[in-house]
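The values are calculated or read from the model by the stated rules, or taken from the named source; none is laboratory data. Just so we're clear, the structure is a prediction, and the values are computed from it rather than from any experiment. Cβ atoms come from the backbone with ideal geometry, glycine included; neighbour counts cover every protein chain shown. For the accessible areas, the whole protein counts, side chains as well, though only heavy atoms, and no ligand, DNA or RNA atoms are used. Shrake-Rupley method; radii C 1.70, N 1.55, O 1.52, S 1.80 Å.
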Amino acid sequence: GARGGGGGGGGGSGREPQALCVWCGELQLRSTKTPIVYSAKVFLGGVPWDITEPALLSSFRTFGVVKVEWPGKDRRHTRHPPKGFVYLLFESEAGVHKLVKNSREDSSGMHYYTLTTRRVHGTEKVQVQVIPWNLADSNRGPHNLINAIDTNKTVFVGGLHGLIVADDLGRIMNDLFGGVVYAGIDIDRHKYPIGSGRVTFGNWHSYMKAILASFVEIRTSKFSKKVQIDPYLEDTQCSQCGVHPGPLFCRDQACFKYFCEQCWQWQHSVGWLRSHRPISRSHKKKFSPMN
């Protein structure tokens, strides 16, 4: 992976850095180590917007008992059609293996399945993209050494593209900032990626470099995506008073610590500190290398 651009200014009121940190390169081919254990959940892209759920079920139940999870399909605002993708939830990962086996694989390791849909004037064949998730791609590093992972040098990375595996995330962050010792992709209860991850650094310098970058643009031949970097936050006491819980964190270098609401107001009531904005861990996933 090519090392790109420079880091930008850190926290405060403006999260957008002055100079965006850019990584250019290619993602690795999906892991082929056997035996492959898949999540029972699969992403389907390029699905016709007007296809019905029964039509999808009839196309894929040949591989096993399956349900359709269609983001946006059940919303009340029906004038906004679904965005052309669905998730299939198989009863077991065996269904995913059968689907992958019956899909076409291109030279870059992407899978495509031919979906036959009914139209007024007959049937139409559509190629939909199939993105399964190999559980081995969820972690890179010493996931058997949970205690060795220092959450004080861990960053939360949001906005990840679904094709990025833990090895990719670790390599990208190591190319840009150095010192990566662990990378993990956050997964849901079906063990499928949710679009975020965590990276742990072995030294403070690399960790702070990543925090100050704030954003990284990842450019590959398949996509370009800007991801956001934040400190990984824990449930801890206020660093100021040491008495109350400290749910608010200030990522500006002038502070860079946890506050309770009272101490936040006191610390940030004067001068240029007023422009600081708190971040909290309420939307962050609890740290667990093994997920």
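Looking at (1) within 25 Å of the chain's Cα centre (by Cα); (2) open to solvent by 20 Å² or more (accessible area, probe 1.4 Å); (3) of a type in the set (A, V, I, L, M); (4) more than 27 Å from Ile131 (Cβ to Cβ), which is the one condition that is false for Ala254?
Evaluating Ala254 over (1) within 25 Å of the chain's Cα centre (by Cα); (2) open to solvent by 20 Å² or more (accessible area, probe 1.4 Å); (3) of a type in the set (A, V, I, L, M); (4) more than 27 Å from Ile131 (Cβ to Cβ) leaves (1) as the failure.
Pick out, from the stretch 152-209, the strands (runs of 3 or more DSSP E) lying fully within it that include 2 or more residues that are within 14 Å of Gln228 (Cα to Cα).
The strands (runs of 3 or more DSSP E) meeting that bar are 154-158, 193-201.
Return the residues of the stretch 212-224 that are crowded, with 22+ Cβ neighbours inside 10 Å and β-branched (Val, Ile, Thr); say none if nothing qualifies.
Val216, Ile218
I want to confirm something. Restricting to the stretch 94-137 and keeping residues that are at pLDDT below 85 and under 21 Å from Arg61 (Cα atoms), which single residue is most open to solvent (accessible area, probe 1.4 Å)?
Among those that are at pLDDT below 85 and under 21 Å from Arg61 (Cα atoms), it is Arg118.
Return the pair list, or none, for Cβ contacts closer than 7 Å from residues in the stretch 266-282 that are without any contact (Cβ under 8 Å) to a residue 60 or more places away in the chain to residues that are open to solvent by 100 Å² or more (accessible area, probe 1.4 Å), at least 6 apart or on different chains.
Close Cβ pairs satisfying both conditions: His268/Arg274.
Just to verify a result, which residue in the stretch 225-251, among those that are polar (S, T, N, Q) and touching a Pro at 6+ places or on another chain (Cβ under 8 Å), is least open to solvent (accessible area, probe 1.4 Å)? Working first, answer last.
In the first step, residues of the stretch 225-251 are kept if they are polar (S, T, N, Q); the result is 228, 236-237, 239-240.
So of that shortlist, the ones also touching a Pro at 6+ places or on another chain (Cβ under 8 Å) come out as 236-237.
Numbers: Thr236: 58, Gln237: 87 Å².
Going through the qualifying residues, I end up with Thr236.
Looking at the structure I just gave you, is Gly122 among the small types (Gly, Ala, Ser) and within 28 Å of Arg251 (Cβ to Cβ)?
Numbers: among the small types (Gly, Ala, Ser): yes; within 28 Å of Arg251 (Cβ to Cβ): no.
Against the criterion (among the small types (Gly, Ala, Ser) and within 28 Å of Arg251 (Cβ to Cβ)), Gly122 does not qualify.
Can you name every residue in the stretch 179-208 that is more than 12 Å from Thr154 (Cα to Cα) and touching a Phe, Trp or Tyr at 6+ places or on another chain (Cβ under 8 Å)?
Scanning the stretch 179-208 gives Ile187, Lys191, Tyr192, Pro193, Ser196.
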